[in-house]
């Protein structure tokens, strides 16, 4: 368990954050200047907070009241930067071996996890950006860290290489038992990877908690983006159809989306933009949209303009729709009412394998 409760006061900037997290990926999300990098630098020991406590399990990294401030090497932190920072005069293998601690048995495991075998004898200058970042991740893992910090590691990569690295990060999330703090301002990355999210804005922690719950929280739409915000739902792959669609079973009902890669019965995440969802008080049969989920209205959040966010809930699954306040009045929608959410298959975006529970 990672326990953080800190305050940092600098001229013109103040950071305040308090949250607890466990194994898996915790996304530190927010715009530039919100304090994301400062937060993980406090965990690494590169920045000293002015108040508070940082603990990992039974180890205290920092405690102002007890005058504890562990040196950086003693914290056993793996840090992955935006720039891979590989040694240009060393081969990939020697870059990796540079970080190997007494646990040399980890080398083969890390090479296999990140698919590095064919790169071992190559030089960093002959690697693509995505390959360099995989080597940087491997080097950090081979230092035998107890926590991994990633500071927007994909921001310098194009979309194709970024998607490739995301596949490896999913494996890392699901096959390791350490907490990973992942700094990002990309909502798609967060929706795909994060078990938990910490939302920062102007140095203040706005929210912290389960990623699927927070991504469907209408009060956070201003932070996620009115046109980007929506819902992330976990569902089980039921079938791949010859028409090019994949069918999934979710707690809220059956879903169809363009074919995704995955085995039958594998748990998957899908992302649905709130602006793509239409609400109806009755099911509609004669319509081209393949997806209709039924739930009860849990909350209605009125915005400052003409719009509103409506949350439907069935079990633990929440689905957000953005509608106009005029539509709310026309349909007389109210909390507790049964409603039907309608959206096209092409409105659903794959968000990768669901994190293990």
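The values are calculated or read from the model by the stated rules, or taken from the named source; none is laboratory data. Bear in mind that the values here come from a model prediction, so they are computed numbers and not experimental data. Positions of Cβ are backbone-derived with ideal geometry, glycine not excepted, and every protein chain shown enters the neighbour counts.
Quick notes on this structure:
- The combined condition, being surrounded by 13 or more Cβ atoms within 10 Å (Cβ to Cβ), touching a residue at least 60 places away in the same chain (Cβ under 8 Å) and farther than 24 Å from residue 227 by Cα, is fulfilled by residue 267.
- Among the residues of the range 88-106, those identified as at pLDDT 90 or above and surrounded by 12 or more Cβ atoms within 10 Å (Cβ to Cβ) are 90, 91, 92, 93, 94, 95, 96.
- Selection count where residues are at negative phi and surrounded by fewer than 17 Cβ atoms within 10 Å (Cβ to Cβ), scope the range 332-353: 6
- Count - residues of the range 9-51 that are touching a helix residue (DSSP H, G or I) at 6+ places or on another chain (Cβ under 6 Å) and either closer than 22 Å to residue 67 by Cα or at pLDDT 95 or above (or both): 10
- Of all residues in the range 83-124 being assigned to a loop (DSSP other than H, G, I, E, B) and out of contact with any helix residue (DSSP H, G or I) (no Cβ under 8 Å at 6 or more places or on another chain), the one that is nearest to residue 157 (Cα to Cα): 83
- Boolean, residue 148 is under 18 Å from the mean Cα position of the chain (by Cα), within 16 Å of residue 25 (Cα to Cα) and outside any loop (DSSP other than H, G, I, E, B): yes
- Any hit, the range 308-331, residues being more than 16 Å from residue 216 (Cα to Cα), surrounded by fewer than 16 Cβ atoms within 10 Å (Cβ to Cβ) and under 26 Å from the mean Cα position of the chain (by Cα): no
- Test: residue 137 is crowded, with 19+ Cβ neighbours inside 10 Å, assigned to a helix (DSSP H, G or I), free of Cβ contacts under 8 Å to residues at least 40 places away in the same chain and not assigned by TED's automatic domain parsing to the domain that holds residue 266: no
- Residue in the range 12-31 that is in a strand (DSSP E or B), in contact (Cβ under 8 Å) with a residue 24 or more places away in the chain and more than 25 Å from residue 220 (Cβ to Cβ) present: no
- Being in contact with a helix residue (DSSP H, G or I) (Cβ under 7 Å, 6 or more places away or on another chain) and without any contact (Cβ under 8 Å) to a residue 40 or more places away in the chain holds for only one residue in 245, 302, 290, 257, and it is 302.
- Yes/no for residue 57 being touching a helix residue (DSSP H, G or I) at 6+ places or on another chain (Cβ under 8 Å) and either in the same structural domain as residue 153 (by TED's automatic domain parsing) or over 21 Å from residue 207 (Cα atoms) (or both): no
- First in the range 185-203 and on the phi > 0 side of the Ramachandran plot, second anywhere and in a strand (DSSP E or B) and surrounded by 21 or more Cβ atoms within 10 Å (Cβ to Cβ), Cβ under 9 Å, 6 or more apart: 203/8; 203/15; 203/17
- Candidates 113, 117 - the one that is surrounded by fewer than 23 Cβ atoms within 10 Å (Cβ to Cβ), more than 14 Å from the chain's Cα centre (by Cα) and at pLDDT 90 or above: 117
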